[in-house]
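Have a look at the structure below before the remarks.
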Amino acid sequence: MKYLKVIAFTHKQIELKELGKLVICEENLTAKLHEVKAEFGISELFYVATCNRVEFVLITPQLVDKAFATKFIQKLNIGLCSHHTGLFVEAASIYEDREALNHLLRMSCSLESLVVGEKEILAQLRKAYDNCREAGLTGDGLRMFMNCVVKTAKEVYTHTGIAKNPISVVSLAYRKLKDLKLCSNARILIIGAGETNQNISKYLQKHKFSNFAVFNRTLSKAQKLAKDLNGQAFELSALKDYNKGFDVIITCTSAVEPIITPEIYATLLNGDTSKKTIVDLAIPNDTAPEVLEQFPVNFIEVFSLNEVAKRNLHERYQELSHAETIIDQNIAEFCVTLKQRKIELAMRQVPEKIKEIRNTAINSVFAEELLGMDQQSREVLEKVINYMEKKYISVPMIMAKDILINN
């Protein structure tokens, strides 16, 4: 476990608006991660970015400190100047060994989230890990850690009240939107067809909103969400020419540059001067700051949900100790599992060695004696050898595991 390291940039030390500067564009993500993995001799690596955190999980024997984090971020080449890099690294939390696992488990159980008790973080973690696994960035080590992460989170959500009457960033955003008392026929533009917008769309549909237009880079994904909402689907590039008017924009994409610029917003207004609403749940924001300066807007973003999130934490405070007990139990169990896995890896050549000895005995050492045996005797001998071979493989592994665990 000592090689497990985490470099975490979260809402606890960094303003949400600033966190967006650390997000890596999806188009370049895999290439950049492979580049830093090779550059720093990292065995395994995965990256997760949500609305309130950007984190890098590493398996590496080398020292991971502020100096390492500085070089690491610089190598990612995400457009940060040295000043901003220094500020981010200074605010970063770096974990290793048992602390790193404890952090991952707390994160998966939403104890480290802006909104404690929201389950979306587990799905986001799993998706981030799966993407990196499919890209060849992870291996057996992170596979084991993720198994522990998922198991622990499920136990916490099942056996505590941490997620009772679940609240999420999406539900908080909808509450603020609901307070504006929009009519059910309000024209709603949805930019991005990812999980966040899918979730908020369910709230809108449940409360009888019915007038939707969905924009997404991949048209097929926009069409899928639009079909669920009985709305229209467009490619994202069509946004700049859309002139059918709107009342609400809901946006959440992985873009690293603003999508809603003053020019596009003016086109969307199509001469309408009334105050509109933008729900921007993207990190970094999809809305350019100039839009808020130049036009009257009800602006709902992740940062503005902080106060509601704090009240939510207070309501769930008594459940935190229950969750932490489950986390401690799972870490203790995982330490045993990890020791067993080390034995398995160390002894994985035993079966091959046993088979080599067996083949040498049959084909060389006792070849002449075996030729003199009748068919029935040879079959009995074969059964005896097969039985002993299995025992010679399993018994040492069992004994080794017992010795290591008991010590």
Check your understanding: Checking residue 136 against (1) in contact with a helix residue (DSSP H, G or I) (Cβ under 6 Å, 6 or more places away or on another chain); (2) in a loop (DSSP other than H, G, I, E, B); (3) not hydrophobic (A, V, I, L, M, F, W, C), which test does it fail?
Key -> (1)
Practice item. Give the residue, chosen from 134, 99, that is assigned by TED's automatic domain parsing to the domain that holds residue 36, over 28 Å from residue 198 (Cβ atoms) and without any contact (Cβ under 8 Å) to a residue 24 or more places away in the chain. Key: 99
**Study point:** Where a residue in segment 266-279 is at negative phi and its partner, wherever it lies, is of a type in the set (A, V, I, L, M, F, W, C) and part of a loop (DSSP other than H, G, I, E, B), with Cβ under 7 Å and at least six apart
**Key:** 268/246; 276/246; 277/180
Revision key, fill the gap. Only unsatisfied item for residue 146, checking (1) of a type in the set (A, V, I, L, M); (2) touching a residue at least 24 places away in the same chain (Cβ under 8 Å); (3) surrounded by 14 or more Cβ atoms within 10 Å (Cβ to Cβ); (4) not assigned by TED's automatic domain parsing to the domain that holds residue 253, is (2)
Review point. Quick one: which of 311, 348 is modelled with pLDDT under 80, outside any helix (DSSP H, G or I), exposed (fewer than 15 other Cβ atoms within 10 Å of the Cβ) and not assigned by TED's automatic domain parsing to the domain that holds residue 113?
Key: 348
Review point. Which of the residues that make up segment 29-48 are under 30 Å from residue 173 (Cα atoms) and either of a type in the set (Val, Ile, Thr) or out of contact with any strand residue (DSSP E or B) (no Cβ under 8 Å at 6 or more places or on another chain) (or both)?
Key: 48
Check your understanding: Residue check: is residue 336 surrounded by 11 or more Cβ atoms within 10 Å (Cβ to Cβ) and over 30 Å from residue 164 (Cβ atoms)?
Key -> yes
Review point. What do you reckon, is residue 259 touching a strand residue (DSSP E or B) at 6+ places or on another chain (Cβ under 7 Å), farther than 26 Å from residue 184 by Cβ, β-branched (Val, Ile, Thr) and surrounded by fewer than 23 Cβ atoms within 10 Å (Cβ to Cβ)?
Key: yes
Review point. If you scan segment 13-29, which residues turn out to be without any contact (Cβ under 8 Å) to a residue 40 or more places away in the chain and polar (S, T, N, Q)?
Key: 28
Review point. Taking segment 220-255 as the search range and keeping residues that are over 12 Å from residue 268 (Cβ atoms) and either acidic (Asp, Glu) or not assigned by TED's automatic domain parsing to the domain that holds residue 183 (or both), which one is surrounded by the fewest Cβ atoms within 10 Å (Cβ to Cβ)?
Key: 235
Study note, to complete from the structure: Of the residues in segment 370-382, those that are surrounded by 10 or more Cβ atoms within 10 Å (Cβ to Cβ) and outside any loop (DSSP other than H, G, I, E, B) number 7
Review point. Hey, any hits in segment 30-48 for a residue that's charged (D, E, K, R), under 18 Å from residue 195 (Cβ atoms) and either touching a Lys or Arg at 6+ places or on another chain (Cβ under 8 Å) or touching a residue at least 24 places away in the same chain (Cβ under 8 Å) (or both)?
Key: no
Exercise for review: Report yes if some residue within segment 171-194 is acidic (Asp, Glu), outside any loop (DSSP other than H, G, I, E, B) and not assigned by TED's automatic domain parsing to the domain that holds residue 119; otherwise report no.
Suggested key: no
Point to revise | Test: residue in segment 149-162 that is within 28 Å of residue 303 (Cα to Cα), part of a loop (DSSP other than H, G, I, E, B) and free of Cβ contacts under 8 Å to residues at least 12 places away in the same chain | key: no
**Study point:** Scope segment 74-89; condition closer than 23 Å to residue 26 by Cβ and aliphatic (A, V, I, L, M); matching residues
**Key:** 76, 78, 80
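The values are calculated or read from the model by the stated rules, or taken from the named source; none is laboratory data. On a predicted model such as this, the values are computed, not experimentally measured, just so you know. Note that each Cβ is placed from the backbone with ideal geometry, even for glycine, and that neighbours are counted across all protein chains shown.
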